[in-house]
1. Is it true that B:Thr265 is of a type in the set (Ser, Thr, Tyr) and either out of contact with any Phe, Trp or Tyr (no Cβ under 9 Å at 6 or more places or on another chain) or at pLDDT 95 or above (or both)?
2. Residues in region A:1-33 that are at pLDDT 85 or above and within 20 Å of A:Val64 (Cβ to Cβ): how many?
3. Which residue is nearest to B:Thr222 (Cα to Cα), if the candidates are limited to region B:263-304 and must be crowded, with 24+ Cβ neighbours inside 10 Å and of a type in the set (Phe, Trp, Tyr)?
4. Go through (1) of a type in the set (D, E, K, R); (2) assigned to a helix (DSSP H, G or I); (3) touching a residue at least 24 places away in the same chain (Cβ under 8 Å) one by one and return the number of the condition B:Arg288 breaks.
5. If you scan region B:204-236, which residues turn out to be away from every other protein chain (no Cβ under 14 Å) and of a type in the set (S, T, N, Q)?
6. If I filter region A:137-152 for residues that are crowded, with 24+ Cβ neighbours inside 10 Å, touching a residue at least 24 places away in the same chain (Cβ under 8 Å), assigned to a helix (DSSP H, G or I) and within 12 Å of chain B (Cβ to nearest Cβ), do I get at least one hit?
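The values are calculated or read from the model by the stated rules, or taken from the named source; none is laboratory data. Keep in mind it's a predicted model, so treat the numbers as computed, not measured. Glycine gets a Cβ as well: all are built from the backbone with ideal geometry, and neighbour counts include every protein chain shown.
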Amino acid sequence: MTTVPVIDVRNISKHFGSVIALNEVSMAVLAGEVHCLLGDNGAGKSTLIKTLSGVHPPSAGEIVIEGKPVVFRGPRDALDHGIATVYQDLAMIPLMSVTRNFFMGREMAVIKGKGLTERFDIHRANEVAREEMAKIGIDVRDPNQAVGTLSGGERQCVAIARAVYFGAKVLILDEPTSALGVKQASVVLRYVAQARARRLGVIFITHNVHHAWAVGDKFTVLNRGRTLGTFAKGTIAREELLNMMAGGRELEELGAELEEFARVDAAKGEESPLEAGAAAERAMAETLRQEVAEDHKAAGQEQNRPH
Amino acid sequence: MTAASAHPDERLKETPLMRRLMIRPELGAVAGAILVLLFFAIVAGGSGMFSMLGVVTFLEVSAQLGIIAIAAAMLMIAGEFDLSVGSMIGFAGIVIAIPAAEWGWPLWLCIVIAFGVAVLVGYINGMVVIRTGLPSFIVTLASLFILRGITIGVTREMTGRTQIPGLRALVAQDWLAPIFAGRIGTGLFQWMASAGWITARSDGTPQVPGIPMSILWWLVLTVIATYVLLRTRIGNWIFASGGDAAAARNVGVPVRQVKIGLFITTALAATLFATIQSLVAGSADVLRGDQKEFEAIIASVIGGCLLTGGYGSAIGASFGALIFGTVEQGIFYTGVNTDWFKVFLGGMLLIAVMFNTYVRRKATGGR
């Protein structure tokens, strides 16, 4: 394994006016490693990835790719340096076909001819899209179908497949599982593991410790614009990570979540709090329904009572 | 999330043929055009609407609208509107007519200048929309009034009139004018007239001396626009810019350039419309092109463009324009009072939008 990190972030700071969004953040990602970036809302996760993907220039610090310092002029420049970012809800355009989404911004890969005869080779593009999706176990019968017809997890997978196909060295995933159900999240997580097997450096942003724990090799915790440190798997417990993310504040919430863990662990599965939450909601809805029915009955009796 | 998502392949295989046809954006417009033509063939079949002269007339009306509708559709797919198209038509008309008819500049030079000015106007529209981040609806609504005001003000200031005649004589001598105001197949039509196959006037010249150039422009532009949208890199960028500008920018699509380019395209299309109309009519009028921006948008929407962008077709817009032209002329032939045309127009627009919304829901998986 090479010891030069595929991406090395050194003391990056980012200020927006008087707001210090990032304060001397450092992290290094090796090829074939899933590096989880954890943090609560407002910790600076989004700002960090936007800086890494060329959307914002950093106020201070440097980004080093395979040993060479780089300055990005924009998202396209970052892409050309092999840094592909998959955004949570901005990954795909629902009304466009799978193929067109797949090649969006990278149409040159399937351009035939030159000058006036230059054209988008739709047949080859369809073939490539279908093949690449098949590799990750999604059978797209008709690559011309709109991405909107795919499920949320599948859309994330198209975006990841696209990044891998176009030779990304670093894959930045912005909360790829947070909007997904349990089964879909596991599809995405499996593909994250596949990307690692292909020797990509993966930066996996999440606030779900379960998902991070399932695929992560290293964990960097951000809190209020600073890193609280980077930890290799096995040197830290899941509860400790969660504790750090919350930053010792809002202890009540934390306590409730830890209880959840204990319960889930006791049940031996990796059942997500999402499902537990849904079950609780269902139970509550049922209780409510019964109460309403009883009220109705009572009201009915009231009316039928002779004056 | 849906329960079926665990078995995506099973679900994907079951796309019915009907639905696949339905999600073609131009389907509604093609079906509508066939319906409208059939309707008038039955109602006004014997009235001369489908004579050579009648057909060429309604095609010419459709063609002129089609030229601006195609550009409007491309811009709409990229997620923007250009309401200044109608004013641009009037403006381009006087940019050609004042130097040509009043100052004696060569007509071809005036036409070239008008197209140059269109690039500038389109660029300004685009830049203001991009820089301010305001909705293009508002920005171009402002340019609608500004351009019309400049047109009327400048023309009155310089000539004291609102109409500038005297282009007809210039058209006959100009080398560039025939590609806008000429007709093709004049020899063939003359021959057909002398053979008695088509209606001739008493002096032996055919009633229809040839196919107007506007129809050729319309067809060629439809083909080019469709090719650009479906088979080029820029086409993919246009759909992406309208579908989700932020997502497109994140993967490196030059959204700003695409949008500015399309604002320039609509201004150029308006100028082409103005050039054809002024040269064919032999005059320019400050009020030319009034409300054409709405007609172009209506044709685009009938043609399947979504007002929210990201979806639509140039073929659809062309058929939208055909429906428009057919009905506008057809109502005249049926003897129904033409006042009712606008009622039809509004109804047509409403039906088209409802149909498109339904189609989009189908296209994105019933959400």
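1. Answer is yes for this residue.
2. 22
3. B:Phe273
4. (2)
5. Once the filter is applied, which keeps residues that are away from every other protein chain (no Cβ under 14 Å) and of a type in the set (S, T, N, Q), region B:204-236 yields B:Thr205, B:Gln207, B:Ser214, B:Thr222.
6. Yes.
Yes/no per residue for (1) within 19 Å of the chain's Cα centre (by Cα); (2) surrounded by fewer than 20 Cβ atoms within 10 Å (Cβ to Cβ); (3) more than 11 Å from A:Glu107 (Cβ to Cβ):
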{"position": "B:Val228", "(1), (2), (3)": "yes, yes, yes"}
{"position": "B:Gly235", "(1), (2), (3)": "yes, no, no"}
{"position": "B:Ile238", "(1), (2), (3)": "yes, no, yes"}
{"position": "B:Ala245", "(1), (2), (3)": "no, no, yes"}
{"position": "B:Val253", "(1), (2), (3)": "no, no, no"}
{"position": "B:Gln257", "(1), (2), (3)": "no, yes, yes"}
{"position": "B:Gly261", "(1), (2), (3)": "yes, yes, yes"}
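Matching residues to (1) exposed (fewer than 13 other Cβ atoms within 10 Å of the Cβ); (2) out of contact with any strand residue (DSSP E or B) (no Cβ under 6 Å at 6 or more places or on another chain); (3) of a type outside the set (Ser, Thr, Tyr):
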| position | (1), (2), (3) |
| --- | --- |
| B:Tyr123 | no, yes, no |
| B:Thr132 | yes, yes, no |
| B:Ser143 | no, yes, no |
| B:Thr151 | no, yes, no |
| B:Ala169 | yes, yes, yes |
| B:Ala172 | yes, yes, yes |
